Amino acid sequence: MSPSTSTGRPTTPRRRSDGTSTTAGAAPSGRATAGKARTKPNNQSRNKSAARRDDRRGFRPEGGSTAASNFAPKKPSVIAVEVGPDNGFVKLGVPANLAGIIAAGGVTEPFSIQSVTLPDSLAGRDVLGQGRTGSGKTLAFALPLIARLATTKVARQANRPRALILVPTRELASQVAAVIDPLATACGLRVITVFGGVGHGPQRDGLRAGAEIIVACPGRLVDHMGEGDAKLDRIEITIIDEADHMADQGFLPMVKRILDATPKVGQRMLFSATLAGGVDAIVSRYLNNPVSHAAEIEAPVLLDHSVLVVDDANRLEAVAELARSERVVIFTRTKHRAKQLAVKLKTFGINAVDMHGNLSQAARERNLAAFSSGAASALVATDIAARGIHVDDVPLVVHADPPIEHKAYTHRSGRTARAGAAGRVVTVASPAQVSEVRQLLSKAGVTATWTGIEVSSVSTRPSGRSGARNDGRQGGRPGARSGTARGNGGRPRR
């Protein structure tokens, strides 16, 4: 006869995970009747969980307290210093409180791209800005964005931001938000990031709580739009960073869908190191009588370019020798190659970490933090790092695999010699790649020193396929599927 409850209904013993039994259908008594007693999470564990949710949402708790509310007004993360009318940004029309925020970080005079664009962007005009990597484009659009939003006091609304910044990679989204956040906080504005690789739920909560500014990657933003969590009908200012990249590699349809959802009346700004490809399609369709500015678009004079020609059998040793000399970002064409090269460099005693689309967001952040802090001396990456990271004091960039096209060369090389610093760029090429690399450098407008195998004895006839794979797996289209997730609807995977 089966056991029964006081109501006479039969019950069935059910096995617990700890090996004890409980009875289905029995009324809970408020305490455990067998096995280990259940424990409720204490305040400390709840606070830790809340802090993790805060971090995924893109909100920082006040004063570092894990118990702080996600959506409480934030205390300024940077204390502004007093600036006078002689401050270079104030002279251009930047409000003194914002100029004081960046002056606290030692920035008192604008870079060239900031000087030429700020008068027009502060006035509300559509702007097309071209400046080399590391020239200060983020502040060039961050300052007018915050200044213009702060001039009008509009109530914050759930799911309806007032400004949108589109970027191609998760890392770039985080870094742009980090630049904007102190400026926004000083004006009582909220910034959140929206990108893939993390759960939808925390981002959904942040959108529902309301934020004036969203820094987003297109794929995840389109997802939130489809779910009704992101409504762009109140967008006043739209910024597209790395505009040429956003017009390539499958991004353009998503970018158009997003821009079509924003009001036709509003300020739009496009910034990039190069303006080519599908950028014209965006400019002609979405910008209204834009003013175009270019500054420092040529290769910086403090950047030294060279090509090292080696046999494929000696390529790994050559890259390792370069990586031993100084802190370095090393670029490969494929995700598999980046992972493999990072592992092999460790056998040479080089603390290397990898960065590519197959890594989880947590792993990408962990590896980037290790490189930024100096715990790792080499970062081996695909082209997602060519635009997606900013790390100071990187003296050397190595193209372990020459890039396929010259724009990638420009952006990869821009990871060094940032903000006026000096740097070196070394391209490692096999004899079969000599002709390809010559054409690449010519299109990039770069003059390089050639070393290694005597290049005059190397045939300059194009090798057909653009560079053989050097990971022991021959054949296939070079760079095939690099950075692309077939399981994600063909969207670029960043």
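Observations
- Calculated FRET value between GLU405 and ASP233, using beta carbons and R₀ = 51 Å, to 0.05: 0.85
- Total formal charge among the other residues, if their Cβ is under 11 angstrom from that of PRO119, Lys/Arg +1 and Asp/Glu -1: +1
- Compared with the direct C-alpha span, the chain from SER306 to GLN439 gains 46.5 nm at full extension, assuming 0.36 nm per residue.
- Each of ASN314 and ALA422 was given a label point 7 Å from its Cα along the Cα-to-Cβ line. The distance between the two points is 2.7 nm.
- Taking a straight line from the alpha carbon of LYS264, these aspartates and glutamates sit under 14 Å away, with near neighbours fewer than eight places off in the same chain left out: ASP126, ASP233, GLU236.
- Residues ASP393 and ASP86, FRET efficiency given R0 of 22 Å [Cβ-Cβ distance, rounded to 0.05]: 0.15
- Between ALA375 and THR449, residue separation times 0.36 nm minus the direct Cα-Cα distance comes to 23.5 nm.
- Loop-resident sites, the range 317-404, for GluC sites (Glu not before Pro), counting at most 15 other Cβ within 10 Å (DSSP): GLU326
- Spin-label pair ALA362/GLN157, simplified geometry with 7 Å Cα→Cβ offset, distance in nm: 3.7 nm
A short reminder: the numbers here are calculations on the coordinates, not readings from a lab. This one's a predicted model, so the numbers in the text were calculated from it and none came from an experiment. Cβ sites come from the backbone with ideal geometry, for glycine too, and all protein chains shown count toward neighbours.
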